[in-house]
Amino acid sequence: MTGHNNSEVISLIVGESESGPRLDQYLARRLGWSRARLQKLLKSGLVTLNGRPAAASHRVRAGEALQVTLLPPEPSSLIPEALPLDVVYEDRDLIVVNKPPSLVVHPAPGHRGGTLLNALLAHCPELKEMGDVSRPGLVHRLDKDTSGLLVAAKTELAHQALVRQFQEREVRKRYLALVWGRLPQKSGRIEGIVGRHPTQRQKMSVHSRRGKEAVTLWQVVREFPGPLTLVELTPQTGRTHQLRVHLASLGHPVLGDATYGGGVSRLKAAPPRLSPLRPLVRRQLLHAWRLGFTHPRSGEELNWEAPLPEDFQNTVDFLEGVD
């Protein structure tokens, strides 16, 4: 392809056993890149099929010739900031951190600095060259008020391998949440399309017409007065706000999650002995407490656990003392 100075072109031939998937899905598996990165290239006409711009929805067939043009990376506007980091594990390929609540993961409108990514760039500058220029090194994220374990890639090897493991649902993630009410049994499965809310665009919903399949497994850990229940959650997919939306769709929103009906205002109708909870709960009590995946270089199976943050643990301790 001409007209792009200093660009790199990747040429691919679809193999005999590779026919069938959408083009974006095929390229994501073949190259180990995120779907978001590929969508940008496809929309810009930088992916061609037999010499012509290709559509993401095209079903690839054996023998087709593909070319992907990579433009030189745009300069990043992200500013490294020497903020505190709770580093759980780090080597030359990746870093795992325990994110505190109330910390935004990456810059966005209203949060141009002071994010986890700003801190990561100060700690390991090599992240700046990995993946999307606006979110370098990140292969997944957590909501601002969700605490817990998060991994970032420091090398291209790690970035491609981790993106692929997330896409193939090979990453092991478990969360703890304190939710309203009593669940109908000790464990279960939630299935439901999750997408942008049809009228409230800042929210997600299981009633979206253009959402994606989402699956969450849950298991009761402990029941408290209120009634409130501590549950362990295992997401089988990774949709935005998936756990919070799925729990709310069951009628059991996360305590402190005002967006999806779990705000502390509900404590007004709770027994008076629970009134001390109101100053304790300042965010949704959702914590990514376990993370595991295959190391991109060594092939070793790695697993980590992060204890409950102070506010979550204080809430559990209080509930354990309530008759």
Ranked by Cβ crowding within 10 angstrom, fewest neighbours first, how are Leu178, Leu267 ordered? Leu267, Leu178
Using alpha-carbon positions, the gyration tensor of the range 172-320 gives root eigenvalues a ≥ b ≥ c; with a/c under 1.5 called rounded, otherwise prolate if a/b exceeds b/c, else oblate, the class is oblate
When the dipole is taken about the Cα centre of the range 194-323, and only Lys, Arg (+1) and Asp, Glu (-1) are charged at their Cβ, what size is it in debye, to the nearest 20? 980 debye
Ordering of 225-237, 12-24, 250-262 by packing [mean C-beta count within 10 Å, highest first]: 250-262, 225-237, 12-24
For the range 247-252, Karplus couplings with θ = phi - 60° (6.51, -1.76, 1.60), whole Hz, Gly/Pro x: 5, 5, 5, 7, x, 10
How large is ³J(HN,Hα) for each residue in the range 223-228, as worked out from phi by the Karplus curve 6.51 cos²θ - 1.76 cosθ + 1.60 (θ = phi - 60°), to whole Hz, x for Gly and Pro? 9, 10, x, x, x, 10
Calculate the dipole size of the chain relative to its Cα centre from +1 charges on Lys and Arg beta carbons and -1 charges on Asp and Glu beta carbons; express the result in debye to the nearest 20. 1400 debye
Using only helices, what value at 222 nm comes out for the chain when you add -39,500 (n - 2.57) per DSSP H run of length 4 or more and divide by the total residues, to the nearest 500 deg cm²/dmol? -5500 deg cm²/dmol
Given an 8 Å cut-off on Cα distances and at least 6 residues of separation, report the relative contact order of the range 8-70 as a percent. 52 percent
Where does each of Ser102, Ser249, Ser298 land when they are ranked from fewest to most other beta-carbon atoms within 10 angstrom? Ser298, Ser102, Ser249
Exposure-ranked with fewest Cβ neighbours within 10 Å first, Lys154, Lys212 stand as Lys212, Lys154
Give me the percent relative contact order of the chain, please, defined on Cα pairs under 8 angstrom at least 6 residues apart. 14 percent
With +1 assigned to the C-beta of every Lys and Arg and -1 to the C-beta of every Asp and Glu, and no other charges, what is the dipole magnitude of the range 8-70 about the Cα centre in debye, to the nearest 20? 280 debye
Using +1 at the C-beta of Lys and Arg and -1 at the C-beta of Asp and Glu, which of Val206, Leu255, Leu285 has the Cα lying farthest in the positive direction of the dipole of the chain? Val206
Viscosity 1.002 mPa s, temperature 20 °C: what is the translational diffusion coefficient of the chain from Stokes-Einstein with a Kirkwood Rh over Cα pairs, rounded to a whole number of µm²/s? 99 µm²/s
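All of the numbers you see were taken from the coordinates with simple rules; none came from a lab. Since the model is a prediction, treat every value here as computed from it, not as a measurement. Reconstructed Cβ throughout: ideal geometry from the backbone, glycine too, with neighbour counts over all protein chains shown.
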